[in-house]
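Okay, structure first, notes after.
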C-alpha cells in the first residue's frame, strides 16, 4: 500500500508540473488511431507466430537455423498465450470497468480455462491459496518475480494509452503485481510505454530513450537496456557481436532458471526486444529476425518488437507479405476469449477513447486530442538483491537429506525411451518428515503440485516458517518440478529445513501426498553482471 501511495504521489506531482509547464496536446484521427491499434495487435500476432517454432531452441546461443513464413502461419497466433492471457484482462475491464480492482483481474486470470507457467502459474496458485495481489507476485510468495510473464501480457495496456505512459504505468502497477515484482513488473511497464510513445514518434532511439524514463533508472532492467543502447552506439552494424557482450554480462541473471542455460528473465528477453528494434532500424522483417535470433523466449520477443513497429506504422504500413493471411482469420475467435482480431481492435479503441477523455483529452467522431504525459518511474523494487544461485541437489543424491517415515519413489519413463527413472520421493503418511541441511543464505525446495497433493509444515532452523499446500489441478493439468517452498536473505552459514507431512488437504484434493524432487541453494554475493564490463568500457 505504501508503494502504491508513493507511486500515485509521483504521478500527481508530475502531472501538476506538466500542467504548469507543458500543455502538449496531440491530435490523431480516429481512423489513424484504429489503424495504429490494429498494427499493434497484428504485429503481436505475426511476431509470435513467426517465432513460435524457435521458442527456447537457442539457450545461451544465437538461433542460426532457417526462418520460414507462410501467410497462413498467422492462424497459430489464435492459440498463443501471448494473446489470450492479456485479453482475459481486457475481458475483466469489460465486466468491471477500466478501474477494476486488482483482485478482479487476478480472479479472472486465475479461474480462466487456459494453462499457465512460471510467474503466471505461481500467481494463479497463490490466488487459490488466498494470497492476493500485490503479495501474489512478491518475492516472498513467488520465486518467479523477475520472469517474463507480465512483459508478454502488457501490450493491451500500451495499445489503449496513446501518448499516456503515466496512465499505462498505473494500470501495469495494478495488474503486473498479480504475478510479478520489480524487474518483472518493469518489463511490462517498459513494453507498454514503448507503445505509448510509438503512437506519436517514428525515431526508434527516441522511443526507447523516452520509454526508459517510465521505469526506475537504478533497476537492473534499465541498466540492461542501457547496455544494449551503448552496444548499438559502439557497433551499429554487427548485432551478433553486441549479443556476445550482452550474454557475457547478463546471460545468467535468471533466478527461475538458476544454473541452467534456460533464461526466462524479463530484462534479458527485454534486451532482445530492444536489440531487434535498434538493429532492425524500423524494418518490420529485420526487427523480428534479430529478436528471434537472439534466442531464449524467441516467440515472445519478436512479438513485442513487431508490435512496436506495428503501432508506429499502423496496420496499413505492415508489408503485405506479413499481413496477407490476417484477413482470413480476422473474425476467428481467439481461444479462451470473447474476441477476434477485429473485435479486440475495436474494444481497445473503445478503451483508448475512454482513457483519453479521463486524462483531459478530447474525443470527437473524427479525431482525438491526447494530452501527452511525461513518463514517471515507480518506486524501485528489487526482488532478489545479491541473491546468487550456488548449487542444486536432487532428493536421490547427497548427504544433505535425512528421511523419517514412509517415503516412496515415484517412477516415470525417461523421455524418448521405455526406461524407468526415479522422478521424486513422496509420502502421504502424517508425520513423515525430511530434513535438508545446507550452507548458504537461501534455498528452494522443488517438487510437484498434484491432484492428490496435501499440506506440509516447513520449519527453518527449528522455527515454523509456513504451511504449504501442494494441491493443484487446473485446466486438466498437474505441475511437475515446481517451487514448493523457499526462503531467502538468511544469515550466511549452515541452516536446516525440516518438512513434516500433515493429514490436511483442500476438500477437492484426492489425497494428502507430498512429492519432492530436490533443492536449489542460494548464497549472497556479487552478481556477474556487476563485474563484467562491455569491451568499450575497459
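The values are calculated or read from the model by the stated rules, or taken from the named source; none is laboratory data. Please read these numbers as outputs of a predicted model, since none were measured by experiment. Backbone-built Cβ (ideal geometry, glycine too); neighbour counts: all protein chains shown.
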How many residues of the stretch 489-525 are over 17 Å from residue 439 (Cα atoms) and outside any strand (DSSP E or B)? The answer is 11
Out of all the residues in the stretch 271-288, which are closer than 16 Å to residue 68 by Cα, touching a residue at least 24 places away in the same chain (Cβ under 8 Å) and surrounded by fewer than 24 Cβ atoms within 10 Å (Cβ to Cβ)?
285
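Yes/no matrix, rows are residues, columns are (1) at pLDDT 95 or above; (2) closer than 18 Å to residue 166 by Cβ; (3) not assigned by TED's automatic domain parsing to the domain that holds residue 61:
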residue	(1), (2), (3)
209	yes, yes, no
243	yes, no, no
248	yes, no, no
252	no, no, no
Mind telling me which of the residues 126, 120 ends up being under 22 Å from residue 468 (Cα atoms) and surrounded by 24 or more Cβ atoms within 10 Å (Cβ to Cβ)?
120
Kindly evaluate residue 103 against the criterion of being modelled with pLDDT of 95 or more, surrounded by fewer than 17 Cβ atoms within 10 Å (Cβ to Cβ) and within 20 Å of residue 122 (Cα to Cα).
yes
Could you tell me whether any residue of the stretch 289-308 is without any contact (Cβ under 8 Å) to a residue 24 or more places away in the chain and within 26 Å of the chain's Cα centre (by Cα)?
no
Within the stretch 121-153, how many residues are in a helix (DSSP H, G or I) and over 8 Å from the mean Cα position of the chain (by Cα)?
11
Take the residues of the stretch 158-169 that are within 17 Å of the chain's Cα centre (by Cα) and in contact (Cβ under 8 Å) with a residue 60 or more places away in the chain: which is nearest to residue 446 (Cα to Cα)?
169
Every residue in the stretch 463-488 that is part of a loop (DSSP other than H, G, I, E, B), touching a residue at least 60 places away in the same chain (Cβ under 8 Å) and surrounded by 13 or more Cβ atoms within 10 Å (Cβ to Cβ), please.
472, 488
Working only within the stretch 349-387, note down all residues that are closer than 30 Å to residue 438 by Cα and crowded, with 19+ Cβ neighbours inside 10 Å.
381, 383, 384, 387
Being part of a helix (DSSP H, G or I), free of Cβ contacts under 8 Å to residues at least 24 places away in the same chain and surrounded by fewer than 23 Cβ atoms within 10 Å (Cβ to Cβ) narrows it down to one residue among 210, 226, 240; which is it?
226
Just wondering, is there one or more residues in the stretch 486-493 that are within 18 Å of residue 118 (Cα to Cα) and out of contact with any helix residue (DSSP H, G or I) (no Cβ under 7 Å at 6 or more places or on another chain)?
yes
Just to check your reading of the model, which residue among 276, 257 is under 22 Å from residue 51 (Cα atoms) and modelled with pLDDT under 95?
257
